[in-house]
Structures are given as C-alpha cells and as structure tokens.
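Structure record follows, encoded as structure tokens.
The values are calculated or read from the model by the stated rules, or taken from the named source; none is laboratory data. All of these numbers come straight from a predicted model, not from anything done at the bench. FYI the Cβ positions are ideal-geometry reconstructions off the backbone, even for glycines, and counts take in every protein chain you see. Ligands, DNA and RNA are excluded from the accessible area calculation, which covers all protein heavy atoms including side chains. Shrake-Rupley method; radii C 1.70, N 1.55, O 1.52, S 1.80 Å.
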Amino acid sequence: MTSTTAAPAAVPRPKGRPRKGRRGKAGWNVLGLLVFVVMGFPVYWMLNTAFKPAKDAIDPNPQFFPGTFTLENFRRAFDVADFWGPVGRSLAVSSVVVVIGIVVGMLAALAISRFAFRGRKIVIVGILAIQMVPLVAMIIPVFLLLNEFGQYDKLTGLIVTYLTFVLPFTVWTLRGFIVNIPKELEEAAMVDGCTRSGAFVRVVFPLLAPGMVATSVYGFIQAWNEYLYALMLMSQQNQTATVWLGNFTTKHGTEYAPMMAGATMMAVPIVILFLLVQRKMAAGLTAGAVKG
C-alpha cells in the first residue's frame with residue numbers, strides 16, 4: 001500500500017504590494033528629480049547667460065533656451081580687469097589652506113578620537129562653538145590682529161584667516177571618519193608587530209584617505225568662494241577671484257552677461273577638482289572590514 005503526500009498549495013502573494021512598491025519608488029524618483037532641477041537651475045541659468053548676447057541678458061522677457069550663442073562675454077570678462085592674477089592668488093590661498101588644514105586637522109582629530117586627556121570634551125565643544133560664530137562678527141578683531149602683526153593686505157594673513165573657519169570643520173569631519181574606523185584594526189596591526197604610528201600609516205590612513213579627500217574638497221570650496229574677508233582685508237592689487245567679479249558692477253550698472261562668463265570660468269577649477277577626486281568621495285569606508 002503506497003501513500004501519496006499531496007504537495008503543499010502555493011501561497012498566493014498578496015496583490016497590491018508590487019504596485020505600492022513601484023509607486024513609492026516612482027515618488028522618490030520624482031522628488032529626486034525635483035531637487036535636482038531646483039539645485040541645478042541656477043547653474044544652468046549662469047551658463048545660459050554667459051553664452052547669450054549681452055542685450056538678451058537684461059531682456060525683461062528672458063528666454064530659457066538662448067537662440068544665439070556668443071563668446072563675446074568671455075572676451076569682455078578678460079578685458080574688464082586682470083583675470084589670471086586673482087585666479088592665481090585664489091588657487092594659491094585655497095591650496096595652502098587645504099594642505100595646512102588637512103595636516104593639522106588630521107592630527108587634532110586623531111588625538112581627540114583616539115586618546116583620552118583632560119579637557120577633551122571642552123575642546124570638542126569649543127570646535128562646535130567656533131563654527132557657530134558668524135564670520136561677519138569677527139571682521140573687526142581679525143582686521144586689528146592682522147594689522148598689529150603686519151599681515152594686512154597679505155596672502156599669508158588671508159590664509160591664516162581662512163584657517164580659522166576651515167580648520168574647525170576639518171577637525172570635526174575627520175574626527176567622525178576616524179571614530180568609524182574600528183580600533184580592532186589598529187590593535188591587530190600592533191599585535192603583528194607594528195608600532196602605533198606604523199598601525200596608523202598602514203591601516204588607518206588608507207581607510208581615512210577618502211574622508212580626507214572629501215574634507216579637502218569642501219575646504220577648498222570654502223576658501224575659493226569666500227568673499228567677505230577677501231574684500232575687507234585685501235586691496236584691489238591683491239584681490240582674489242570672488243572680489244574680481246565685483247568689477248562688473250559700476251556706476252553705470254551691472255554687466256550681467258560678462259559677470260556670468262567670469263563666474264563660469266571661476267567654476268572650472270572646482271569642477272575639475274571634483275572630477276579628479278569623485279571616486280574617492282564614497283561612504284562606508286570600513287564596511288566589511290570587521291566581521292561579526
């Protein structure tokens with residue numbers, strides 16, 4: 001006598017779930033597209049104005065798609081004032097600020113995140129408090145200090161000034177990256193014979209490199225786009241690229257088309273920098289480094 005066992009009936013999937021999932025995904029896609037349009041429209045309008053004739057830039061009925069393209073605005077931007085001088089000074093100041101900020105910020109962040117010392121919490125609170133102070137509130141003290149030490153209207157003085165707001169952000173950001181790197185990795189390297197400094201160079205530093213790149217890009221953008229201190233602390237002979245854009249505003253009005261052409265040229269170094277380091281700007285630096 002043989003017995004047959006009936007196969008279990010397939011449980012039907014509840015209807016409606018895939019449709020709800022598709023609707024939710026479509027909603028997030030629409031929201032992401034809307035955010036992209038809102039954030040990208042000013043960049044598009046800058047490019048649109050830079051390549052259209054100057055008379056069309058002040059047309060009360062603007063055209064979203066220019067009918068005529070011209071490079072005259074770029075030629076006018078070069079003729080208004082010296083272009084390469086301010087750009088070179090901005091590149092020099094921003095690069096030095098990033099290098100000093102990353103080196104000092106990495107050491108400070110390592111000390112705060114890995115070592116326990118008296119006053120550690122006060123240092124952390126102080127870093128946060130400094131970032132909350134408006135930059136405009138420090139103009140007069142900074143001016144008096146630079147004038148006292150003979151650094152007014154000098155690039156070195158401007159570099160030190162930029163470090164006052166780039167360095168706290170660098171320390172705080174790198175601290176977050178270092179904290180996310182498990183200490184077990186350093187301890188394992190030290191068990192294998194590495195010193196503490198050797199464990200940092202061979203284990204922590206490679207994992208910290210993407211975070212350093214992302215922080216450097218943000219610090220460079222901050223120094224490159226800064227306008228207020230560059231305007232107040234530097235003369236016209238030593239002006240930076242952001243202050244140079246003010247040459248398009250005269251007593252006769254503002255030349256919007258050449259100004260947008262100048263802004264487009266100013267954005268090129270930032271775009272190139274981002275394209276060079278975009279692969280390093282990733283999240284999840286230590287994902288999968290420690291199992292269990």
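Residues with beta-carbon under 15 Å from that of GLY193, excluding GLY193: net charge, scoring Lys, Arg +1 and Asp, Glu -1? It would help to have the intermediate numbers written out before the result.
On the way: positive: ARG196, ARG202; negative: GLU186, GLU187, ASP192.
Its environment carries a net charge of -1.
Ignoring ligands, DNA and RNA, what accessible area per residue does the range 145-267 give at 1.4 Å, in Å²?
About 48 Å² of surface per residue is accessible.
Kindly express, to the nearest 10 degrees and within the range 0 to 90, the angle between helix 17-50's C-alpha long axis and the longest C-alpha principal axis of the chain.
20
Pick the calculated percent of Cα pairs over 25 Å apart for this structure from (1) 65; (2) 48; (3) 62?
Checking each listed value against the structure points to (1).
Could you work out which residue, out of LEU110, LEU207, LEU145, moves most in a Gaussian network model of the chain, that is, has the largest mean-square fluctuation with Cα springs under 10 Å?
Maximum fluctuation in the GNM of the chain, among the listed residues, is at LEU145.
Quick one: how many Å² of PHE36 are accessible to a 1.4 Å probe, rounded to 10?
We get 150 Å² for PHE36.
What is the extension gain from ILE139 to LEU155, computed as 0.36 nm multiplied by their sequence separation minus the C-alpha to C-alpha distance, in nm to one decimal?
In short, 4.1 nm is gained.
For the Cα atoms of the chain, what angle does the longest principal axis make with the long axis of helix 84-114, in degrees from 0 to 90, nearest 10?
So the inclination is approximately 40 degrees.
With an 8 Å cut-off on Cα pairs and a minimum separation of 6 or more residues, tell me the relative contact order of the range 143-292 in percent.
29
Treating the angle as unsigned and between 0 and 90°, give the value, to the nearest 10°, between the Cα long axis of helix 120-132 and the longest Cα principal axis of the chain.
The helix 120-132 is inclined about 50 degrees to the chain.
Per DSSP H run of at least 4 residues, take -39500 (n - 2.57); add these up for the chain, divide by its residues and hand me the 222 nm value, nearest 500 deg cm²/dmol.
When only DSSP H runs of four or more count, the value is -21500 deg cm²/dmol.
Report the net charge of residues surrounding ALA111, where surrounding means a beta-carbon distance below 10 angstrom and charges are Lys +1, Arg +1, Asp -1, Glu -1. List each step's numbers first, then the result.
Working: positive: ARG114, ARG120, ARG175; negative: none.
Net charge in that neighbourhood comes out at +3.
Could you work out the relative contact order of the chain, using alpha carbon pairs under 8 angstrom and six or more residues apart, expressed as a whole percent?
29
Across the Cα atoms of the range 104-240, what radius of gyration and what greatest pairwise Cα-Cα distance (Dmax) are found, in Å?
Taking only Cα atoms of the range 104-240, I get Rg and Dmax of 18.2, 59 Å.
Rounded to the nearest 0.05, what FRET efficiency do LYS55 and ASN29 have when you use their Cβ-Cβ distance and R0 = 30 Å?
Numbers: r = 40 Å, r/R0 = 1.32.
After rounding to 0.05, the efficiency reads 0.15.
Just how much of LYS25 is accessible, in Å², when a 1.4 Å probe is used and the result is rounded to the nearest 10?
Surface accessible to solvent at LYS25 totals approximately 140 Å².
Determine the share of the chain's accessible area contributed by carbon and sulfur atoms, expressed in whole percent, with a 1.4 angstrom probe.
Solvent-exposed carbon and sulfur of the chain make up 68 percent of the total.
Between the range 246-269 and the range 182-220, what is the C-alpha centre distance in whole Å?
Using only Cα atoms to place each centre, the spacing works out to 43 Å.
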